[in-house]
Amino acid sequence: MSSGFDIEKMLAERPSEARQPGGLLRVGQSIGPWRVIAFLGRGRSSEVYRVVNTRIGGDGALKILADGGMGLRERFLFERELVGSLSIPALPRFFGSGEHEGRPYYVMEHLQPLTLPLEKDEAPRFVAMLARSVAALHEAGFLHRDLKPANVLRRVNGEPVIIDLGLVKRSARDDGAPQSPSELSMIGGKRLGVGTLDFAAPEQLLKGEATEASDVFALGKVLKACCGPRATKAMREVIRRATAEDPSDRYPTAKEFADAVDSGERPRFVSFIAGTGIRKAAVACVALVVFSLSVVLAWRGGKASGREEAGPSNPGTATSMPGPKMPDPKMSVTQMPGESDEDHFRRLLKLALDGGVDASAAVAEAYFNGHGVATNQSEAVEWYRIAADGGHVGSLATLGLCRLRGLGCEKDAGEAASLFLEAANKGHLGSMANLAFCFMHGLGVDRDPEAAFGWAMMAAERGHAAAQTFVGECYLDGRGVAQDRRRADDWLTRAARQGNERAQMLLRTR
């Protein structure tokens, strides 16, 4: 797939600065409570760094303006305000902002890149989620105008997150909402086409005219990139309509595009038989006959050996044998095919109110991430507490993080450490690593590097990558244990093999 060609990047980028590989900040430098630990990359006007909060823990991504020429500073400030003001789950979580040496910056959550193409079954589901997020952006009155795989990242739980909002534009003027710098799309009083050549709609590139249908065009291109060469016939048809040259021939809204993707992904028994051909259909039928025969033989065998259930016998009545038990969709916390986010949340809430512990944890996650319901961190904390009281260890651990960072509740490092300890004693590896962090920095407990090393080692030996990195750093710096470079290398290498970015950075730079 082509890497694309960004028209505005060509117009706005200053060659002398564009070649700088991250020279604004240095590793180890602190900006407020944030310490720089790695350079992540550079865009048309800004640089992005991986940072860690030295006060409360947790990492983030710091984006700082590198080139403010040709109106790019105004665009950066607009993007910062947009991320900080819109409560749309698919936008990055906003952790704060400021200025450093006259350059504005803001800190958002750290996210994972996409690796394309996605797995065959994952691609439609992921793009449908992305499209519904774009629909939420449209409902808030904005057009993205630069949707492409490079501007879509994902959270650890797999949810898509839309980044790089520099080209976002108001589709309607509403009082109190951030106003896009519309003059950036004009040169000499004439409209200027914006976007990335491989993904932007023709009317957007050639005339500077963007509508919701223009973002739908880009979503179709993203779906094609995510599916790769293994796109099904149904997905190819969705892509064809979404990327029609005439906007009126496309899906009119991002939500309708998402519904079409969901419909194309949903399996149908009739189409399966029709599409497999006679030979494959025959194999399927034989497999069904063999399965049925095995069930009958197993039942007869049980009857012959005296294992059948006792009960009244009536020779004139056929004995009914229960078939294999299928999971009840009404009891599952998993989102069902074709189920909307809102319907999924309502079903989860009913299960949780009926006492379902897993459902209570899922409701908490929905409130925290705004999945099917408006984001409400304080409500999420209450549901995490209910799930934790019911024995859900993951919720207990998350409750500790909320207490440590003041998310939806007051900060209380002492209670956070107690919650981590309770979850760690129940075998939760992440809580062991978090408890190690508390002991190392004296958060809610007395500072005790040796105890920190001990808790981290417990999780590291069981394969927890972040804990392995923590242990490696302890050996590297001699904190809580005697300095040992060889063992440091060993633990950092183990973590790096699991994809831990901090371990990979330490191995490269130390």
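Some notes on this structure:
- All of G23, G43 fail the test of being under 17 Å from D67 (Cβ atoms), at pLDDT 50 or above and over 26 Å from the mean Cα position of the chain (by Cα), apart from G23.
- When each of F257, F217, F199 is tested for being among the hydrophobic types (A, V, I, L, M, F, W, C), at pLDDT 85 or above and either within 18 Å of E79 (Cβ to Cβ) or not in a helix (DSSP H, G or I) (or both), the lone residue that passes is F199.
- Of the residues making up segment 37-70, those that are among the small types (G, A, S), more than 26 Å from L507 (Cα to Cα) and in a loop (DSSP other than H, G, I, E, B) number 4.
- Looking only at segment 405-418, residues that are more than 22 Å from the chain's Cα centre (by Cα) and touching a residue at least 24 places away in the same chain (Cβ under 8 Å) come to 9 in all.
- Sole exception among (1) within 24 Å of Y49 (Cβ to Cβ); (2) in a helix (DSSP H, G or I) for A436, by number: (1)
- Test: residue in segment 392-403 that is open to solvent by 50 Å² or more (accessible area, probe 1.4 Å) and free of Cβ contacts under 8 Å to residues at least 24 places away in the same chain: no
- Which listed residue is within 16 Å of G400 (Cβ to Cβ) and surrounded by fewer than 24 Cβ atoms within 10 Å (Cβ to Cβ), from L419, L476, L429, L507: L429
- Evaluation of R75 against (1) modelled with pLDDT under 90; (2) basic (K, R); (3) under 26 Å from the mean Cα position of the chain (by Cα); (4) open to solvent by 30 Å² or more (accessible area, probe 1.4 Å) (one fails), failing number: (4)
- Residue satisfying condition, being closer than 20 Å to Y367 by Cβ and crowded, with 22+ Cβ neighbours inside 10 Å, within set P89, P124: P89
The values are calculated or read from the model by the stated rules, or taken from the named source; none is laboratory data. All figures in this text were calculated on a predicted structure; none of them were measured in a lab. Cβ: placed from backbone, ideal geometry, glycine included. Neighbour counts: every protein chain shown. SASA here: full protein model, heavy atoms, side chains in, ligands and nucleic acids out. Shrake-Rupley method; radii C 1.70, N 1.55, O 1.52, S 1.80 Å.
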